[in-house]
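Everything on this sheet refers to the single structure shown next.
Every number in this text was worked out from the coordinates using simple rules, so none of it is lab data. Keep in mind it's a predicted model, so treat the numbers as computed, not measured. All Cβ positions, even for glycine, are placed from backbone atoms using ideal geometry, and neighbour counts span all protein chains on display.
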Amino acid sequence: MQLVLASASPQRRAILERLGVSFTVRASGAAETHEGTPEQVVLENATRKARAVASAGADEAVLGCDTVVALDGRLYGKPADEGAARLTLAALAGTTHEVLSGLALLLPGGERTTVARTRVSFRALDEDLLDWYLATGEWRGRAGGYAIQGAGAALVTAVDGDYENVVGLPLASLLDIYPQLLSR
């Protein structure tokens, strides 16, 4: 059964490639919701993405994923511009936030979903560190405005949970709902 990744994320592709998993990419243009609890939002968005690219009757596994950063009930998605990235990173500075990813796996026999959650602690960010990070441009297209696998590692003091979840694809949770992934 062919795996279809309903995402154009280079990080998600890289994680699957590192595992040697064969897959195809069908990027989804599904409209995302921002209403509800963080868990509801990531599950709904992951499901919308998977359903948007699924082919009726096809013998394939379609994987949708959505990731957000949450702090005190507020969701931080991908900042629209540098000003929004500055505000997001300033809000996360010196705190511990959660990174949540929803996974939706559509199989011929049904649908499997789960939510992964990882706690990430940020150091206090003075203006110099904030300016330095924003100048990298790495915040673009990243939930919470940072990339832990890149220069964003300098902002982080601790990770409690699945590191790959923070990168963009929670492997432990994916293997829980699709244990056949590595035996394909």
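Got a sec? Charge dipole of the chain, +1 on Cβ for Lys and Arg, -1 for Asp and Glu; which of Phe122, Ala158, Ala46 is way out at the positive end?
Highest projection toward the positive end goes to Ala46.
Output wanted: per-residue J couplings in Hz (rounded whole) for segment 105-119, from phi through Karplus 6.51 cos²θ - 1.76 cosθ + 1.60, θ = phi - 60°, x for Gly and Pro.
So the Karplus estimates, Gly and Pro as x, are 10, 9, 10, x, x, x, 10, 10, 9, 7, 10, 9, 9, 10, 9 Hz.
Please give the helix 38-53 orientation as an angle from the longest Cα principal axis of the chain, in degrees from 0 to 90, rounded to the nearest 10.
That helix lies at roughly 50 degrees to the long axis.
Short version: ³J(HN,Hα) in whole Hz for each residue of segment 128-139, in order, from phi by Karplus 6.51 cos²θ - 1.76 cosθ + 1.60 (θ = phi - 60°), x for Gly and Pro, what are they?
In residue order, the calculated couplings are 5, 5, 5, 4, 4, 5, 4, 5, 5, x, 5, 5 Hz.
Kindly express, to the nearest 10 degrees and within the range 0 to 90, the angle between helix 82-92's C-alpha long axis and the longest C-alpha principal axis of the chain.
Computed tilt is about 80 degrees.
Please arrange Ser9, Ser173 by how many other C-beta atoms lie within 10 Å of their C-beta, fewest to most.
Lowest count first: Ser9, Ser173.
Taking the Cα centre of the chain as origin and charging only Cβ (+1 Lys, Arg; -1 Asp, Glu), how large is the dipole, in debye to the nearest 20? Let's see the in-between values first.
Working: 17 positive and 22 negative charges, 101 e Å.
Here the chain has a charge dipole of around 480 debye.
Could you derive backbone 3J(HN,Hα) for segment 64-71 from the dihedral phi with the Karplus parameters 6.51, -1.76 and 1.60 (θ = phi - 60°), listing whole Hz in sequence and x where the residue is Gly or Pro?
x, 9, 9, 10, 9, 10, 10, 9
Near Pro38, within a Cβ-to-Cβ distance under 12 Å, what is the net charge of the other residues, with Lys and Arg +1 and Asp and Glu -1?
Numbers: positive: Arg74, Arg117; negative: Glu35, Glu39, Glu44, Asp66, Asp72, Glu98.
Every neighbour counted, the sum reads -4.
At 222 nm, what helix-only mean residue ellipticity would the chain give, in deg cm²/dmol to the nearest 500, using -39500 (n - 2.57) for each DSSP H run of four or more?
Values: 6 runs with 58 residues, N = 184.
Computed ellipticity for the chain at 222 nm equals -9000 deg cm²/dmol.
Assign one of three labels to segment 2-183, namely rounded, prolate or oblate, based on the Cα gyration tensor with a ≥ b ≥ c the square roots of its eigenvalues; rounded applies when a/c is under 1.5, prolate when it is not and a/b is larger than b/c, and oblate otherwise.
Prolate shape, in that a/c is at least 1.5 and a/b is the bigger ratio.
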